[in-house]
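The values are calculated or read from the model by the stated rules, or taken from the named source; none is laboratory data. Treat the numbers as computed from the prediction; the structure is a model and nothing was measured. Glycine also receives a Cβ, built like all others from the backbone with ideal geometry; neighbour counts cover every protein chain displayed. All accessible areas refer to the heavy atoms of the entire protein, side chains included, with ligands and DNA or RNA removed. Shrake-Rupley method; radii C 1.70, N 1.55, O 1.52, S 1.80 Å.
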Amino acid sequence: MKSERSGVSKRADARSGGRYAGTNTMSINGYQAVIAFDPDLQMFRGEFVGLNGGADFYAKDVDGLRREGEISLKVFLDACAEDGVEPRKQFSGKFSLRVDPATHEAAAIAAAAQGQSLNQWATEAIRQAALAG
């Protein structure tokens with residue numbers, strides 16, 4: 001769910017294995033950043049995702065996060081322009097997924113029951129989960 005006031009939407013913290021409590025996303029100038037509270041630092045940490053490099057930022061509140069995120073993003077984009085690098089990572093649309101045999105079987109049955117290939121079924125399940133965030 002998205003908060004009108006803060007511009008932060010709730011997400012699961014899959015990448016860090018749940019290290020941070022309460023992970024969210026924030027859009028800054030059209031780029032998405034994962035936001036999490038770091039209890040060790042007692043600060044919020046933002047990290048832009050989908051970039052051809054790393055750009056992160058820290059602050060004690062949402063307004064500070066936006067401000068620091070804009071600065072971090074500008075530094076990153078300036079470096080990309082200087083080096084002739086495309087800032088956004090390009091995705092091929094292909095990736096390998098490993099699941100346990102029982103899950104594989106259950107997914108194949110569910111796909112067949114809906115008249116879909118396993119790839120079509122999994123694509124739709126991932127799309128729905130990603131957009132529900």
I'd like to check something: does segment 48-55 contain any residue that is surrounded by 15 or more Cβ atoms within 10 Å (Cβ to Cβ) and either within 30 Å of residue 124 (Cβ to Cβ) or out of contact with any strand residue (DSSP E or B) (no Cβ under 7 Å at 6 or more places or on another chain) (or both)?
yes
With the first residue restricted to segment 16-43 and required to be on the phi < 0 side of the Ramachandran plot and open to solvent by 60 Å² or more (accessible area, probe 1.4 Å), and the second required to be at pLDDT 90 or above and part of a strand (DSSP E or B), Cβ contacts under 8 Å at 6 or more apart or on different chains are 19/36; 21/36; 21/37; 32/25; 32/26; 32/48; 41/58
Which one of 53, 93, 84 is on the phi > 0 side of the Ramachandran plot and in contact with a helix residue (DSSP H, G or I) (Cβ under 7 Å, 6 or more places away or on another chain)?
53
Return yes when residue 77 is aliphatic (A, V, I, L, M), modelled with pLDDT of 95 or more, surrounded by 13 or more Cβ atoms within 10 Å (Cβ to Cβ) and within 21 Å of residue 33 (Cβ to Cβ) and no when it is not.
yes
For segment 52-108, give me the residue count where each residue is part of a loop (DSSP other than H, G, I, E, B), among the aliphatic types (A, V, I, L, M) and either under 16 Å from the mean Cα position of the chain (by Cα) or within 20 Å of residue 41 (Cβ to Cβ) (or both).
1
Considering segment 109-133 alone, what residues qualify as being in contact (Cβ under 8 Å) with a residue 24 or more places away in the chain and in a loop (DSSP other than H, G, I, E, B)?
133
Identify the single condition in (1) more than 16 Å from the chain's Cα centre (by Cα); (2) charged (D, E, K, R); (3) modelled with pLDDT under 95 that residue 127 does not satisfy, given that it satisfies every other one.
(1)
Does residue 106 satisfy the criteria of being without any contact (Cβ under 8 Å) to a residue 24 or more places away in the chain and surrounded by 12 or more Cβ atoms within 10 Å (Cβ to Cβ)?
yes
Yes or no: segment 30-51 includes at least one residue that is under 30 Å from residue 118 (Cβ atoms), of a type outside the set (D, E, K, R) and assigned to a strand (DSSP E or B).
yes
